[in-house]
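Enquirer: Got a structure here, written out as structure tokens. Questions coming.
The values are calculated or read from the model by the stated rules, or taken from the named source; none is laboratory data. All values derive from a computational prediction rather than experimental measurement. When we count neighbours, we look across all protein chains shown, and the Cβ atoms used for this are built from the backbone with ideal geometry, even at glycine. We work out accessible area using only protein heavy atoms, side chains counted, and drop any ligands, DNA or RNA first. Shrake-Rupley method; radii C 1.70, N 1.55, O 1.52, S 1.80 Å.
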Amino acid sequence: TCCACAAPAVTTEIAIFSHVTAKLVRHADLAAPGTGLIEETWRSLRAALRSDRYKATVYFDRRPTELDAQYEERLRAFCESVGANLYVGQQNGLRRQWLAASQRATADLVLFVEHDWRFRPNCPSLRSLRACFAANPDVSYVRLNKHRNEKTAAHPAPIAAERAALGSVCRIPEFLNQPHLIRRKALMELIVPLIENDSAM
């Protein structure tokens, strides 16, 4: 095909949400002001999803504390060292972090990840996830489950692996903030209107 007739390439970017948390009891060594938690997520994401060629932005929800200030300084150095962009919001909460990331996204597909996930080596690559979207125009959202995808009452309709271009895919009835890849069109038309003016959502 000629260059003028070729379809534009589908673009992909990664949004990682971070904040200072007091919940790290078992893994206190990863807690702020150090960046151990997000570093673990970053390393496993890059290795498992083979995602090193995609632009990534870290969205930091900063509170007015000394610990947050120390963490931001170290987070900024970490982002610079790995080539990630850093966006700092002030006391945003997860809902407004979502809105900030949605409004700043420019790619066709956006991978959303919170800073406390470790991706397993058997995780599908971003290339295979992108192939799933390319092969299925009706698929708008692919969530990476913590658990095995099995046919249950909650997930009654598995999608054939050959149709999805990705093994072990099933339909899901809900939208969750587990790591997932979503079409920006669906993000802006479905998710943003739900959460924009409703903090309960």
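Enquirer: Find the centroid of the Cα atoms in segment 73-120 and in segment 44-63, then give the distance between the two in whole Å.
Expert: Going from one Cα centre to the other spans 7 Å.
Enquirer: Need one value: the accessible area of T57 in square angstrom, 1.4 angstrom probe, rounded to the nearest 10.
Expert: Its accessible surface works out to 10 Å², give or take rounding.
Enquirer: How much accessible area does L24 have with a 1.4 Å probe, in Å² rounded to the nearest 10?
Expert: 40
Enquirer: How big is segment 60-113 by Rg and Dmax over its Cα atoms, in Å?
Expert: Using the Cα atoms of segment 60-113, the pair Rg, Dmax is 12.2, 37 Å.
Enquirer: To the nearest 10 square angstrom, what accessible area does D138 show with a 1.4 Å probe?
Expert: 90
Enquirer: Which value, in Å², gives the accessible area per residue of segment 23-130 when a 1.4 Å probe is used on the protein heavy atoms?
Expert: Result: 53 Å² of accessible area for each residue.
Enquirer: So if I place +1 on the C-beta of Lys and Arg and -1 on the C-beta of Asp and Glu, and nothing else carries charge, what would the dipole magnitude of segment 65-110 be about its Cα centre? I want it in debye, nearest 20.
Expert: It comes to approximately 200 debye.
Enquirer: Looking at the square roots a ≥ b ≥ c of the eigenvalues of the Cα gyration tensor of segment 1-119, which shape do they give, rounded for a/c under 1.5, prolate if a/b is larger than b/c, or oblate?
Expert: Since a/c reaches 1.5 and a/b is larger than b/c, the shape of segment 1-119 is classed as prolate.
Enquirer: Which residues does the label zone of N145 cover in segment 96-124, counting backbone N under 18 Å from a point 7 Å along Cα→Cβ?
Expert: 118-124, by backbone N distance to the label point.
Enquirer: Follow-up question, since we're still on this one. Hey, with R₀ at 35 Å, roughly what FRET efficiency would A77 and D138 work out to, going by the Cβ-Cβ distance, to 0.05?
Expert: Using R0 = 35 Å, I get an efficiency of 0.25.
Enquirer: Which order do L30, L187, L194 take when ranked by solvent-accessible area (1.4 Å probe, heavy atoms of all protein chains), largest first?
Expert: Highest to lowest solvent-accessible surface, that is L194, L30, L187.
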